[in-house]
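Written below as structure tokens is the structure these notes are about.
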Amino acid sequence: MEKNSITEKSSTESSIGEKVNDNRKQLSFFEKVILVLLLIAIAYAVYVFFTDSLYFDHLVEEDGFYEDLTSIFLFFTSFILLIKFFKYQGYYTLSWKISIVLMTVAFFFGGGEEISWGQRIFQIQSSDFFKLNNAQQETNLHNLVIGHVKLNKLVFSNMLSIGFGIYFLVLPIVWHRVPKIKKLIDKFGISIARPIHLLFFIIVTAIILLLINHSRKWEVWEFAFALTMFLIVYNPLNIKEIFSKENH
């Protein structure tokens, strides 16, 4: 009798584990639509690049179509984090709260920087400081030049490229395989990309780098990055650990 009870318990735990794993793999209809739109937007960029170079220049110019989309999805990501902060902050520690607030501010900052805080939209003139110290004479920090060093290249290109390379390629692996690091990641509410997020991001990155031979192709890539980050934060692989009222 006791043996049967143990067997039934083991079977129940196994089925629960399988259910959790299945849930981790599931994407909502909304997410699938967004991923399809991502592929369409990238395919459209490639098509225009090969068929109408002048119009492609227009699409990737400052405050152009793809730069505006990048800003929009960075703002969306910030708002999603803010909503989740107010929804779940009562169930997590101070470390989680501080981290989520910092990430919310970071994505909002990124969205504002992308469009120079609406400078051209509202036709606001740059101050003398930015006219003298900004490579494009815009009201933003990422185009500042300090000495002969461009912040855009040093911080926003080189350092962030390394950081996001670690985030996309290393963090998902260590989250799965190193329990102590997994616990630390979850403690600070860091969203882990699902395999489908990584797959789509790698595919669109390859398409952009291999097919679009243009100096401003990175505007298209930044849009793909912003949209991918929105999807990751919206429904991360570790959603049960960092955005849940269960087990807290």
Just grab the label-to-label distance for residue 33 and residue 62, each label 7 Å out from Cα along the Cβ direction, in nm (one decimal). 3.5 nm
Give a residue-ordered list of calculated ³J(HN,Hα) values for region 122-127 (Karplus: 6.51 cos²θ - 1.76 cosθ + 1.60, θ = phi - 60°; whole Hz; x for Gly, Pro). 9, 6, 9, 6, 6, 6
For region 211-220, in order, what is each residue's ³J(HN,Hα) by Karplus, 6.51 cos²θ - 1.76 cosθ + 1.60 with θ = phi - 60°, in whole Hz (x at glycine and Pro)? 9, 9, 9, 8, 5, 10, 5, 5, 5, 5
Listed residue (59, 83, 109) projecting farthest to the positive dipole end of region 59-126, Cβ model: 83
Would you calculate the separation in nanometres between label points at residue 166 and residue 218, each defined as 7 Å from the Cα along the Cα-to-beta-carbon direction? 2.0 nm
Environment charge at residue 107 (Cβ cut-off 15 Å; Lys +1, Arg +1, Asp -1, Glu -1): -2
Label-point separation, residue 94 to residue 150 (7 Å along Cα→Cβ), nm: 4.2 nm
Where a ≥ b ≥ c are the square roots of the eigenvalues of the C-alpha gyration tensor, would you call region 168-247 rounded, which needs a/c under 1.5, or, failing that, prolate if a/b is larger than b/c, or oblate? prolate
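Values quoted throughout were computed directly from the atomic coordinates according to the rules given, and no laboratory measurement underlies them. Please read these numbers as outputs of a predicted model, since none were measured by experiment. A quick note on method: Cβ atoms are made from the backbone with ideal geometry, for glycine too, and the neighbour counts reach across all protein chains shown.
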